[in-house]
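Here is the structure we will look at.
The values are calculated or read from the model by the stated rules, or taken from the named source; none is laboratory data. This one's a predicted model, so the numbers in the text were calculated from it and none came from an experiment. Note that we place each Cβ from the backbone using ideal geometry, even for glycine, and neighbour counts take in every protein chain shown.
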Amino acid sequence: MLEAQQYVLPNKLFVAVRYTNSSNDTDGINGEDTLKRNQLGAGFWINERTLRKAEFDDQDEEANSGGQVGGGFDGFITEISTRYLFSLTDRIPRYSAISEGCDRTSQTTDFLIDQR
């Protein structure tokens, strides 16, 4: 796979291209096992969490390839996605622990299985 992406407007608008070529190496599969895909797309960040993308895909797929379409696909795809930003450390309470035989107190924000 080869892929390139370039922002046209910093942190706002980007263009991207991708070329994929794969074959199915499963035992018992002989011939007609390749998949080739070319993609040209663009994305626009509506805000810091919402991305709108559009792309054109040209996919050639043989009968025994690892693809899921069967026979290939040429067309436009659009997508809108949202990412959720949160910190696990904000949701995990801090605990003080005194080690046995030691008078040192430590703070931790790791995942805790035993909260004694």
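Computed quantities for the displayed model
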| read-out | value |
| --- | --- |
| Cβ pairs under 6 Å, 6+ apart, first in the range 13-34 and over 25 Å from Trp45 (Cβ atoms), second surrounded by 13 or more Cβ atoms within 10 Å (Cβ to Cβ) and among the aliphatic types (A, V, I, L, M) | Ser22/Leu35 |
| Residue list for the range 22-38, restricted to those being of a type in the set (A, V, I, L, M, F, W, C) and either surrounded by fewer than 15 Cβ atoms within 10 Å (Cβ to Cβ) or touching a Lys or Arg at 6+ places or on another chain (Cβ under 8 Å) (or both) | Ile29 |
| When residues of the range 15-45 are limited to those that are small (Gly, Ala, Ser) and in a strand (DSSP E or B), the one farthest from Thr82 (Cα to Cα) | Ser23 |
| Tyr19 more than 21 Å from Gly72 (Cβ to Cβ), surrounded by 11 or more Cβ atoms within 10 Å (Cβ to Cβ) and not acidic (Asp, Glu) | no |
| Residue among Gly101, Gly41 that alone is within 20 Å of Glu3 (Cβ to Cβ) and either surrounded by 14 or more Cβ atoms within 10 Å (Cβ to Cβ) or at pLDDT below 85 (or both) | Gly41 |
| Residue that is farthest from the chain's Cα centre (by Cα), among those in the range 10-38 that are modelled with pLDDT under 95 and of a type in the set (A, V, I, L, M) | Ile29 |
| Ser81 vs. criteria modelled with pLDDT of 85 or more and among the polar types (S, T, N, Q) | yes |
